[in-house]
Structure formats: C-alpha cells, structure tokens
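The values are calculated or read from the model by the stated rules, or taken from the named source; none is laboratory data. Note that the coordinates shown come from a computational prediction; the quantities given were computed from them, not determined experimentally. In this analysis, Cβ positions are derived from the backbone assuming ideal geometry, glycine residues included, and neighbour counts consider all displayed protein chains.
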Amino acid sequence: MLILASASPRRHELLAQAGFSFQIHPAHIPEDVLPGEDAITYVTRLAREKAQAVFAQVGDAEAVVLGADTTVTLDNHILAKPEDPGDAARMLRLLSGRTHRVITGVAVVTAQRVEVAAEVTAVRFLTLSGEEIEAYVQTGEPMDKAGAYAIQGQAARWIPRVEGCYFNVVGLPLALVTAMLESVKTQRPR
C-alpha cells in the first residue's frame, strides 16, 4: 500500500497522473529551517520526517510512505511559503529577471529502509513590473507556494526557461519518485 504523506493537491494530481494508486495521509510536522541548514538538507530532512511520521502513525509494516518537500532558493537563501501578501511581493521582486533553483526532497519509508533523494531544477523569470507583481499577489495564488508562485498557474507566462524536471517545480519529480518506488519494490522481501 502506497501512502502519500502530503496535503498538497498538486502532489496528489501528479502522483495520480503517473498512474499510481495511493492513499493520502498528510503529515503534520514543524517546517522551520534549522540554523545553518542548506536548501537540499532542509527539503530532504522534511521529506524524511514527514514520511517517517506517517509510517509510525499508520502502523502497517507493509506500507510504503512517500514524503516530499519543495523549496525555492536564490543566492543560497531559502524562499519558503510567503507569510503574507507583502512577503509574497518581496519574493517575486527577488525572482524578477533572474534564474533561481527549485529543490524537492523526496523520501520513501518502509519497514525495512528509508531512501532519500533530491531533485534540482533551474527556473528563469522574466522581469516583472510592480503592477504585475501586485496583481498576481491579489489573485491569492502565491500564498501557499514556495517562492510565491505556481508554474502551472498564472506565473507560467513569466517563465521562458526551465532547466531540469518541470514536475519538480510543480512539487513532485515524477521520474525520481518512480525510480525510488521501483527500487523499494524490487528490494522488499517476498
């Protein structure tokens, strides 16, 4: 039984799109960045903690739990979900006219093992006007998104280039997830 340890509708949609059957069991853990923690360490730690917390709650030795966490980085600074509309506008001003990185940590937890990996994608933003930023923030779309934008939403019009996995930017790198789940499947006792 595959369990997705996430409340993200985007992750649900992507996993279903890839043809997986799964149950949803969101993890509720603190998502604060630890002192000195870089972006890859941060997202892989959160993905692992989410998957382990759900595995412990489910109490099924046959369960395979998938956890994920996505963040945006620019100049080695983590741009997590905005705290309020002003914070969203600040993030969008930082991203404007620049290339940033989107990093998703992925963890697969079973009774036998814990596998953790990360996917990194570079995303280029066009230069945004203050009016464009203000109008986008007013839509509410940036508010629950790392880096304050959704590539699959209205922000798509400002993204001329993606280098790497597009699905990673949406929130779940499907090729990496598939490889990890296949690896766990082939190494499970029969």
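Remarks
- Considering segment 78-97, and only residues there that are out of contact with any Leu (no Cβ under 8 Å at 6 or more places or on another chain) and not in a loop (DSSP other than H, G, I, E, B), the residue that is farthest from GLU134 (Cα to Cα) turns out to be ILE78.
- The number of residues in segment 64-85 being among the hydrophobic types (A, V, I, L, M, F, W, C) and over 26 Å from ALA51 (Cβ atoms) comes to 1.
To keep it simple, each residue is scored yes or no on (1) in a loop (DSSP other than H, G, I, E, B); (2) among the basic types (Lys, Arg); (3) surrounded by 12 or more Cβ atoms within 10 Å (Cβ to Cβ); (4) over 16 Å from the mean Cα position of the chain (by Cα).
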residue	(1), (2), (3), (4)
GLU13	no, no, yes, no
GLU37	yes, no, yes, yes
THR41	no, no, yes, no
THR44	no, no, yes, no
ALA47	no, no, yes, no
VAL54	no, no, yes, yes
GLU62	yes, no, no, yes
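- Being touching a His at 6+ places or on another chain (Cβ under 7 Å), among the hydrophobic types (A, V, I, L, M, F, W, C) and either surrounded by 13 or more Cβ atoms within 10 Å (Cβ to Cβ) or part of a strand (DSSP E or B) (or both) is a description that does not apply to VAL116.
- Filtered by the rule that a residue be assigned to a helix (DSSP H, G or I), modelled with pLDDT under 95 and within 25 Å of ARG90 (Cα to Cα), segment 144-190 gives ASP144, ALA146.
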